[in-house]
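To start, the structure itself, in structure tokens.
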Amino acid sequence: MMVMIVATAFPFLFALLIIASIIGIDMDSDDVMDGGGCSPIGGVDANAWDATFTKAGVLKDKGDKIKEVAAKQGIDPILFAAITFNETGWGTSRAVVEKNNPGGLMDAATGMSTVKVFATLDEGLEAMGVTLHNRIVKDGLNTVEKLGAVYAPIGVANDPNGLNVNWVPTVNGMIQKLGGLSMNCSTTSAGTGQYIIPVDAPNVSSGFVDRINPVTGVPEHHKGIDFAQPILSNIKAADDGVVVFAGMGVSGSGFGGYGNVILLEHSRTKEWTLYGHQAGILVKVGQMVRKGDVIGRVGSTGQSTGPHLHFEIRKTKMGGQIDPAPVLGVKPTS
């Protein structure tokens, strides 16, 4: 296994020199997290992680740095490490040893004709992390197979010995050595467009109707539906999304009266869902959530007369509410 890993790493680096100008490797990009990425499905196996890094050449002491960069870029540290091991022949390639370049990233200053030299290995890992983020999150190459199809395509002229066929199984093998993936990158926050009811055993107490506000006594149009639920019962994400607001809706914030409130953005539907009057918020701004994830607890904060969830579906971030009842398949009420 060790021989095959080293043998496949270097031809891939050569192939990367050829395809870099085609796929636009962007090691100097200042891109930051853009709301997508991978979601945790488990922790990193510390024993497997540490044991694997003991034989990783110049990468031996870079486990913590890889985790740090992976967290910043929203990618799986296991996948990051596995690809890094493969590309460097377990931390022994000339590119990583002599040029601090663990990913075969090309130098734009030379027209992408030479491998870029980094001042430190940490700098090289940071640049590789940006590139992997862009490929996985922005380009949707969110599985080992998709990455392999672009980075080590089978049957191309610059792989005369057919070694690219080993890229996917080799990276997958390294992932297993590291204890298995710790994140799910196969889907992003795009969502399915099919919302679920955000509470268990729903009891709709107020619909998307004109009414008298029970707190202020002022006529209003109720912009969502209310689910009267037990205090501290679970509130679930109606679909995959990204948290764009999570906190107390104070006056002037655009969320005044909602109490503790969460707003999720769903990129596929180009819609937002709002969850108001919570007792406790369990997510943070920028966090990606999956459909059914528990994001908070039912409460009675803000303009509220008792424990309930106020739920909205919005066509814009700060308005454009539509009736959630037909979307969720619940019976509307007055």
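Need at least 1 residues that are within 12 Å of Gly276 (Cβ to Cβ) and of a type outside the set (Phe, Trp, Tyr) per element, so show me which strands (runs of 3 or more DSSP E) inside region 207-256 make the cut, counting only ones lying wholly within it.
Details: elements: 210-212, 219-221, 225-228, 234-236, 241-248.
Strands (runs of 3 or more DSSP E) meeting the threshold: 225-228, 234-236, 241-248.
For region 52-147, which helices (runs of 4 or more DSSP H) that fit wholly inside it have 3 or more residues that are out of contact with any Leu (no Cβ under 8 Å at 6 or more places or on another chain)? Walk me through it before giving the result.
On the way: elements: 63-73, 77-88, 94-99, 121-133.
It comes to 63-73, 94-99, 121-133.
Is it the case that Leu282 is assigned by TED's automatic domain parsing to the domain that holds Pro214, free of Cβ contacts under 8 Å to residues at least 24 places away in the same chain, surrounded by 14 or more Cβ atoms within 10 Å (Cβ to Cβ) and of a type in the set (A, V, I, L, M)? Criteria met by Leu282. Of the listed requirements (1) buried (at least 16 other Cβ atoms within 10 Å of the Cβ); (2) on the phi > 0 side of the Ramachandran plot, Gly155 misses just one: (1).
So that you can scan it fast, the table gives a plain yes or no per residue for (1) within 30 Å of Asn47 (Cβ to Cβ); (2) surrounded by 17 or more Cβ atoms within 10 Å (Cβ to Cβ); (3) of a type outside the set (Gly, Ala, Ser):
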{"site": "Arg135", "(1), (2), (3)": "yes, yes, yes"}
{"site": "Leu147", "(1), (2), (3)": "yes, yes, yes"}
{"site": "Pro160", "(1), (2), (3)": "no, no, yes"}
{"site": "Val168", "(1), (2), (3)": "yes, yes, yes"}
{"site": "Pro202", "(1), (2), (3)": "no, yes, yes"}
{"site": "Gly224", "(1), (2), (3)": "no, yes, no"}
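Taken as a whole, the condition of being outside the structural domain of Lys317 (by TED's automatic domain parsing) and either in contact (Cβ under 8 Å) with a residue 24 or more places away in the chain or of a type outside the set (Ser, Thr, Tyr) (or both) applies to Val199. Residues that are over 20 Å from the mean Cα position of the chain (by Cα) and either part of a loop (DSSP other than H, G, I, E, B) or modelled with pLDDT under 90 (or both) within region 257-297 comprise Gly257, Tyr258, Gly259, listed in sequence order.
Taking region 119-153 as the range and being without any contact (Cβ under 8 Å) to a residue 24 or more places away in the chain, of a type in the set (A, V, I, L, M) and more than 16 Å from Lys65 (Cα to Cα) as the test, the residues that pass are Leu141, Ala149. The set of residues in region 246-255 being touching a residue at least 40 places away in the same chain (Cβ under 8 Å), surrounded by fewer than 20 Cβ atoms within 10 Å (Cβ to Cβ) and under 20 Å from Thr316 (Cβ atoms) consists of Gly254 alone.
Could you list, in sequence order, all residues of region 298-326 that are β-branched (Val, Ile, Thr) and either outside the structural domain of His266 (by TED's automatic domain parsing) or part of a loop (DSSP other than H, G, I, E, B) (or both)? Explain how you work it out, then say what you get.
So in region 298-326, the residues β-branched (Val, Ile, Thr) come out as 298, 301, 305, 313, 316, 322.
Selection gives Thr301, Thr305.
When Val209, Val156 are screened for being assigned by TED's automatic domain parsing to the domain that holds Gln303 and touching a residue at least 60 places away in the same chain (Cβ under 8 Å), only Val209 passes. Can you spot a residue in region 167-181 that is in contact with an Asp or Glu (Cβ under 8 Å, 6 or more places away or on another chain), assigned to a helix (DSSP H, G or I) and not acidic (Asp, Glu)? There is at least one residue in region 167-181 that is in contact with an Asp or Glu (Cβ under 8 Å, 6 or more places away or on another chain), assigned to a helix (DSSP H, G or I) and not acidic (Asp, Glu). Restricting attention to region 256-269, the residues that are touching a Phe, Trp or Tyr at 6+ places or on another chain (Cβ under 6 Å) and touching a residue at least 40 places away in the same chain (Cβ under 8 Å) add up to 3.
If you go through region 43-97 and keep only what is under 26 Å from the mean Cα position of the chain (by Cα), farther than 18 Å from Thr120 by Cα and either exposed (fewer than 15 other Cβ atoms within 10 Å of the Cβ) or not assigned by TED's automatic domain parsing to the domain that holds Asp139 (or both), you end up with Gly43, Ala46, Asn47, Asp50, Ala71, Lys72. Per the listing Asp107, Asp122, the residue uniquely under 25 Å from the mean Cα position of the chain (by Cα), surrounded by fewer than 22 Cβ atoms within 10 Å (Cβ to Cβ) and either assigned by TED's automatic domain parsing to the domain that holds Arg135 or within 21 Å of Asn164 (Cα to Cα) (or both) is Asp122. Selection over region 288-311 of residues that are buried (at least 20 other Cβ atoms within 10 Å of the Cβ), more than 15 Å from Asn234 (Cβ to Cβ) and of a type outside the set (Gly, Ala, Ser) gives a count of 2.
The values are calculated or read from the model by the stated rules, or taken from the named source; none is laboratory data. Small disclaimer: the values here were computed from a predicted structure and weren't measured. Backbone-built Cβ (ideal geometry, glycine too); neighbour counts: all protein chains shown.
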